[in-house]
Each structure stands twice: as structure tokens, then as C-alpha cells.
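*Asks:* First the structure, which I've put down as C-alpha cells, then a few questions once you've had a look.
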Amino acid sequence: MKLLTITLLTTCTLLCGCCGSDCGTADASLDYAAINAQAAEQYLRPIRPGYEGRNPFWNGFAKKFIYAPAFDFDEVAGAANYRFTVVPLGEETQASWSFTADSPKAALTPVWGEIPVGQVRLVVEGLDASGKALSKAGEREFLRDYPFTGPYTPAVRDYRQAALMSLLYIHRMPEIQYWAEHTEPDMNYRHNTYPCKIIGATIRAEALLARLLPAHKEQATRIARNAAQFLIDQSRPAGDPLAFFPPTYYKDLIASKRTENQNKTMTMEAASAGHAFLDLYDLTGDKAYYDRALGIADTYVRLQREDGSLPIKVDFVTGEPVNDADASYGKQLVYVPEYAAAATKAWELSDAAPPAALFPASQSRLRRRNLRRSAGRRRAVDARRGDPQFRHDGTVRRRDGPRPATL
């Protein structure tokens, strides 16, 4: 999904990266020896290890680590302690690292700082009181990944310029320019078969370009409006179970042609379209886009179950789940609540009608946690940026307006 990936990376880089002219050179005033030592010390601490009892072991399928890992290995019957042995798999390093611990779930902290970058094998053995090996508790192969070691090669250009160049590249793609004169996608670009995700990303990229590069505003706005009209035309009508949801799949390309996806939709994808409508509302002030975004939010309210979960995949017409799978963790209950917070923020910055109450306090702790996390990110930006007004997506609208860019 090249377009979506570039768009999201561009947005994050542009809004979170530095914008000064000195971004491309290392700061000579920084003590990189001290910074590298600090990083090396921090890498010895495992990230949310399962042995703390607060989180499950999350890394069962992870292939590489920068921070010292801890694994969910089983205890060995009769073991007094456990021997951890790490050996390199490459021929360039002839060494091994070993330590003992009371649990097979201990982190590799004692030896992590000594292990060079490369593929390694970890073997954990249970030992009896005399130190004799009883049996293996577990074994893993993984990449001991590259740590931070500054300074790095200076950048050719600063983050802002790189991001703007990415936006312009997307804008000039033939499949994007096609939208300037059409309200249907150019299906020669096969990924347009995913309307919410790809066409939603197209709208967001063009809305961002229109705000930042005034010379391109007229055409970028027209492209965004035409792409948005397509999503609107393809959406379910008001009153339907999936009212205002655009489809996940369109035509018969790639995954859209699979039988199991015909006339089906993934509920998480409508949030992508909702974000796009809110971006376009920010840009144009056209309340029709705000109403469309809030219509999507209202449908999420109806779809949400008492335990806070949502069905992952449903019939696009009836809204009935096609299987027993639901979304209780991961993207859906992070991205959709962020969309809910975005819709609420858009209302707070406008005189439009208020949105429906999403995720009320009486519902699950998981939803409240994700909303707090989203709000926390916005407060952090608030503190950094000096009390600006927020856009719905967490970027800022300063009192003197967004800073136009030239390239």
C-alpha cells in the first residue's frame, strides 16, 4: 500500500519532525559519548516484561530486539535456577555469554550490553542444586539489533523539506491527478480497490498539501473534494445498519475479488474515511464533511457492544457479523477511539452540532484507557507548543494560522 504508507509517514514526519534549517547537521554542543552511554544503559531495561504481572508476554513472535528481552519460557520441574546462554550465529564472532537467574522468564540484562549486533541463539536450561542441567526451559533465535550510536551522517535536507517533497510526489502521481477531473478512481492504480484506506489517505494528503503549500491549494482541494465525493457516493445511506460507512472493498482487484470479501466490510476502515472527512472540513469549513464524519461516528456507537468490542467483519448491507471475530485490542480500539476524540475536538473548535456520546464512562476500562492515551498525546503537544488551538488530528492551529510553506 505505497500511497497510504508514504502519506502516513509524511504526515507524521512533517507534524512531529523539526522544521528548522539546522536539522541536517549534528549538534556539536551535544556530548554524544554521554548520550550513547545513557542509551546503552536504557537498553538494559526490558520493555513491559510479562514477569511483572501487569502485561502479557508480547514478544512471542518478535524477530529482533534493541532492548533486553525477557521470554515466556516454562519452568523446569526440580530446577533450583536457570542458566541463560547466548551464542552468535555468525562466523565473525567466536564468543558466548552466560548467566544464571532464579526464573526462566528473566531478562537478558546481565549480558545484553556485551552482545554485538547480529543473529544469536538463546538457550535457557533448568539446573538442579548442584548446577547440573536438567532440561531446556526454552530456546529462541533473534537479531540483536543496532542500538543508537550518535552522531549520524548529516541529512541532505531537513524534515520539513523532505516531507513536503513526499507530499508533492504523491500529489503529482497520475492516479492522484486523475481525481482533479473525475469523481471515480483511476483503477489502473490497483490499490484504489480499498476505498477507505487508500482514497481516505489521498484526501488527507491533499488536504495537508493545500494547507501547507498555497500555490497548490486550489487543485489539491479539488482533488480532495472529488475523492471525498466518491466515498460519499459509495457509502451506505442514512438509516442503514452501516449508515455513512464507505466500503472496505471496491471492484474485483487484489483482495476485493476474493469470495469471502464480496459485499463485506471491515468495520475499522470507516475511521480512515472519517478522519479524511474531518481533514476536509478543517480545510474548507464545509459542514457537509463534518456531518458525514459524525454520521460514521454515530454508526460506531450503534455497532459497539456492551463489552466495548466491535465486530471485525460484517455484511456491508445488513451489518451482520460474518464470523465470531471481534476487536477488543489492537488497531480497532486505538484508532477508532482516536477518531472519536478527533470528532469531539472538531466539534469543540466549531459551532456545529455536538457529536453523539462515544464510549461513555460506564463502559469498558479498555476504551477509557485508549481515550486517555489519545487525550494525553494532545496534552503533551499542548505543553510543548505553548497553548495552541488544536486541530482535530492533534496538529495545531496557532492564533496566527498555519505557516505556509514554499518549496
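The values are calculated or read from the model by the stated rules, or taken from the named source; none is laboratory data. Model, not experiment: these values are computed from the prediction. FYI the Cβ positions are ideal-geometry reconstructions off the backbone, even for glycines, and counts take in every protein chain you see.
*Asks:* Would you check which residues across segment 312-327 are over 18 Å from THR259 (Cβ atoms) and loosely packed, with under 12 Cβ neighbours inside 10 Å and list them?
*Replies:* ASP324
*Asks:* Might you check whether a residue that is crowded, with 20+ Cβ neighbours inside 10 Å and not in a helix (DSSP H, G or I) occurs anywhere in segment 182-195?
*Replies:* Checking segment 182-195: at least one residue is crowded, with 20+ Cβ neighbours inside 10 Å and not in a helix (DSSP H, G or I).
*Asks:* Another question about this same structure. Cβ-Cβ distance below 7 Å, separation of 6 or more or different chains: which pairs start in segment 246-268 with a residue that is over 12 Å from GLN234 (Cα atoms) and end on one that is among the basic types (Lys, Arg) and not in a loop (DSSP other than H, G, I, E, B)?
*Replies:* Listed by first residue and then by second, the contacts come to LEU253/ARG190; ILE254/ARG190; LYS264/LYS313; MET266/LYS313.
*Asks:* Looking at segment 232-244, which of the residues that are farther than 21 Å from ILE176 by Cα and in contact (Cβ under 8 Å) with a residue 60 or more places away in the chain is surrounded by the most Cβ atoms within 10 Å (Cβ to Cβ)?
*Replies:* Filtering segment 232-244 for residues that are farther than 21 Å from ILE176 by Cα and in contact (Cβ under 8 Å) with a residue 60 or more places away in the chain, the one surrounded by the most Cβ atoms within 10 Å (Cβ to Cβ) comes out as LEU242.
*Asks:* Additional query: Run TYR178 past the list (1) surrounded by 13 or more Cβ atoms within 10 Å (Cβ to Cβ); (2) farther than 30 Å from ILE198 by Cβ and report the number of the one that doesn't hold.
*Replies:* Here TYR178 clears every test but (2).
*Asks:* Shifting gears a bit: Given the conditions (1) at pLDDT 95 or above; (2) part of a helix (DSSP H, G or I); (3) under 30 Å from GLN38 (Cβ atoms), report the number of the one that MET165 does not fulfil.
*Replies:* (3)
*Asks:* Of all the residues that make up segment 50-75, how many are in a helix (DSSP H, G or I) and in contact (Cβ under 8 Å) with a residue 40 or more places away in the chain?
*Replies:* 2
*Asks:* Is segment 271-292 home to any residue that is within 16 Å of VAL314 (Cβ to Cβ), touching a Leu at 6+ places or on another chain (Cβ under 8 Å) and not aromatic (Phe, Trp, Tyr)?
*Replies:* Taking every residue of segment 271-292 in turn, at least one turns out to be within 16 Å of VAL314 (Cβ to Cβ), touching a Leu at 6+ places or on another chain (Cβ under 8 Å) and not aromatic (Phe, Trp, Tyr).
For (1) free of Cβ contacts under 8 Å to residues at least 12 places away in the same chain; (2) surrounded by 14 or more Cβ atoms within 10 Å (Cβ to Cβ); (3) small (Gly, Ala, Ser); (4) in a helix (DSSP H, G or I), each residue gets a yes or a no:
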site: ARG211; (1), (2), (3), (4): no, yes, no, yes
site: ALA220; (1), (2), (3), (4): no, yes, yes, yes
site: ALA227; (1), (2), (3), (4): no, yes, yes, yes
site: PHE230; (1), (2), (3), (4): no, yes, no, yes
site: LEU283; (1), (2), (3), (4): no, yes, no, yes
site: ILE296; (1), (2), (3), (4): no, yes, no, yes
site: ASP307; (1), (2), (3), (4): no, no, no, no
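*Asks:* Moving to a separate point now. Yes or no: segment 143-161 includes at least one residue that is in contact with a Phe, Trp or Tyr (Cβ under 9 Å, 6 or more places away or on another chain) and part of a strand (DSSP E or B).
*Replies:* yes
*Asks:* Specify the residue that is nearest to GLU41 (Cα to Cα); the eligible residues are those in segment 143-175 that are surrounded by 14 or more Cβ atoms within 10 Å (Cβ to Cβ) and hydroxyl-bearing (Ser, Thr, Tyr).
*Replies:* The qualifying residue nearest to GLU41 (Cα to Cα) is TYR159.
*Asks:* Looking for something of a type in the set (D, E, K, R), part of a loop (DSSP other than H, G, I, E, B) and surrounded by 14 or more Cβ atoms within 10 Å (Cβ to Cβ) - is there at least one such residue anywhere in segment 121-142?
*Replies:* There is no residue in segment 121-142 that is of a type in the set (D, E, K, R), part of a loop (DSSP other than H, G, I, E, B) and surrounded by 14 or more Cβ atoms within 10 Å (Cβ to Cβ).
*Asks:* Residues in segment 262-281 that are in a helix (DSSP H, G or I) and in contact with a strand residue (DSSP E or B) (Cβ under 8 Å, 6 or more places away or on another chain): how many?
*Replies:* Total satisfying the criteria: 2.
*Asks:* Inspect segment 73-89 for any residue being polar (S, T, N, Q) and under 17 Å from PHE142 (Cβ atoms) and give the result as yes or no.
*Replies:* yes
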